[in-house]
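Here's the structure, in structure tokens; my notes come after.
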Amino acid sequence: MDQVASRYDYDREGLAALLAKVADRTGKAASPSYRVDQLWQGLYRDLVAPEDLTTLPKVLRAELAKELPPALTEDSRLTGDAGQTVKWLFRLADGALVETVLMHYEQRSTVCVSTQAGCAMACGFCATGQMGFDRHLRTGEIVEQVVRAQMEAGSRRVSNVVFMGMGEPLANYDRTWAAIERLHGDFGLSARHLTVSTVGVVPGIRRLTHESLPINLAVSLHAADNDLRDELVPINRRYPLEVLADACAEYVAATRRRLSFEWALIHDVNDRLEDAVRLADYAKRLGAHVNLIPLNPTPDWPTRGSSPQRVRSFAAEVNSHGGNATVRRTRGADIKAACGQLRTDRVDQKWGHPDGVVLVADPRGKKLPG
């Protein structure tokens, strides 16, 4: 079905054009120029639906309600971490489903947004990767996730947005970048508080080097030798570690932003001492910071992530070899909202397992829970 534009598909210029279109269709005089400011203020600063914008005439509100529908309908909502984490399952206009996570911390609130319904990257240990790909999200569908999170947060300002939800942001580059510009220019977020995560889509990384906003880049690395990374992150077969390193070096040189690597620690797969040494060598030549994350479990595979002691030993080994690694605090695991756990209930049912667990082959002959 054709996708209808939603309210956050429009920037200020787009809203001005829409108001002119409404005036032409209704045969009424063009709206005064200040109506654009009122509409923009209502959508991006007050977070009010068009039909509730009392600064606008009633007839205009009714027309705008038809022209500016919401992109997201809440299908379900879960809270975890004693109320500090919220996960939504949103239904899109065509029935596709995506998940969004809001995390409150002492000094900030962060929202993790999806950029695709499903994902084509097929990383074996990631629940979203096992869904398969449905479609790219529109710009408005991405932006509205942040709006919904801010409405939930209330007086606690959403200060950080991480593009780490469902999907590969750089595979949906144009819409993702338009959302970044919208969140920065219209929603008012600092570019330095916006982080895009990629499994290593090298053409997208190279495009980022030419953008004007100094956002953060995180690369989901998970292995620092090509044989293992080919298995864990299949796109490595197209863009191996050497090619990825070249693109990352170009990004760092052009933007002067510090690069981050994400590493999900899987017991006896990528948490050995030799893995730590390889990671340290790879990261330090790019000046990258490493975020270590124990692979988040599902009920059927509760020990598939590395043990706390193994995590500490791995971090110490990376740092002793000149790397810079810290262990990231896991949030939302109790509601399957943590890294690698986003997977819509509908898809879990289709795959026939309530927790979306699959098995993928490890190159050393073991079986990994995915």
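See the values below:
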| quantity | calculated |
| --- | --- |
| Residues satisfying the stated conditions in the stretch 24-41, i.e. assigned to a helix (DSSP H, G or I) and either within 33 Å of the chain's Cα centre (by Cα) or within 26 Å of Val147 (Cβ to Cβ) (or both) | Tyr34, Arg35, Val36, Asp37, Gln38, Leu39, Trp40, Gln41 |
| Only one of Leu232, Leu265, Leu221, Leu228 that is aliphatic (A, V, I, L, M), in the same structural domain as Pro308 (by TED's automatic domain parsing) and in contact with a helix residue (DSSP H, G or I) (Cβ under 7 Å, 6 or more places away or on another chain) | Leu265 |
| Filter pass, Tyr239 being in the same structural domain as Leu295 (by TED's automatic domain parsing), in contact with a helix residue (DSSP H, G or I) (Cβ under 7 Å, 6 or more places away or on another chain) and not in a helix (DSSP H, G or I) | yes |
| Failed item in (1) modelled with pLDDT under 95; (2) under 30 Å from Ala16 (Cβ atoms), with Cys126 passing the rest | (2) |
| Condition check for Arg7: under 21 Å from the mean Cα position of the chain (by Cα) and in contact (Cβ under 8 Å) with a residue 24 or more places away in the chain | yes |
| Qualifying residues in the stretch 69-88 (those that are touching a Ser or Thr at 6+ places or on another chain (Cβ under 7 Å) and in a loop (DSSP other than H, G, I, E, B)) - the one nearest to His136 (Cα to Cα) | Ala71 |
| Residue count, the stretch 42-53 (criterion: within 19 Å of Lys28 (Cβ to Cβ), assigned to a helix (DSSP H, G or I) and either touching a residue at least 60 places away in the same chain (Cβ under 8 Å) or not charged (D, E, K, R) (or both)) | 1 |
| Condition met for Leu56 (touching a Lys or Arg at 6+ places or on another chain (Cβ under 8 Å), surrounded by 13 or more Cβ atoms within 10 Å (Cβ to Cβ) and in contact (Cβ under 8 Å) with a residue 12 or more places away in the chain) | yes |
| Boolean, Ala17 is aliphatic (A, V, I, L, M), farther than 24 Å from Glu181 by Cα and surrounded by fewer than 18 Cβ atoms within 10 Å (Cβ to Cβ) | no |
| Gly42 being assigned by TED's automatic domain parsing to the domain that holds Ala149 and either in contact with a helix residue (DSSP H, G or I) (Cβ under 6 Å, 6 or more places away or on another chain) or closer than 27 Å to Arg175 by Cβ (or both) | no |
| Some residue of the stretch 270-287 being assigned by TED's automatic domain parsing to the domain that holds Thr128, under 19 Å from the mean Cα position of the chain (by Cα) and either within 27 Å of Ala315 (Cβ to Cβ) or among the acidic types (Asp, Glu) (or both) | no |
| Residues that are basic (Lys, Arg) and more than 14 Å from the chain's Cα centre (by Cα), drawn from the stretch 113-138 | Arg135 |
| Verdict on Ala276 being touching a His at 6+ places or on another chain (Cβ under 8 Å), of a type in the set (A, V, I, L, M, F, W, C) and more than 21 Å from Thr128 (Cβ to Cβ) | yes |
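The values are calculated or read from the model by the stated rules, or taken from the named source; none is laboratory data. Every value quoted in this text rests on a predicted model; they were computed, and no experiment measured them. In this analysis, Cβ positions are derived from the backbone assuming ideal geometry, glycine residues included, and neighbour counts consider all displayed protein chains.
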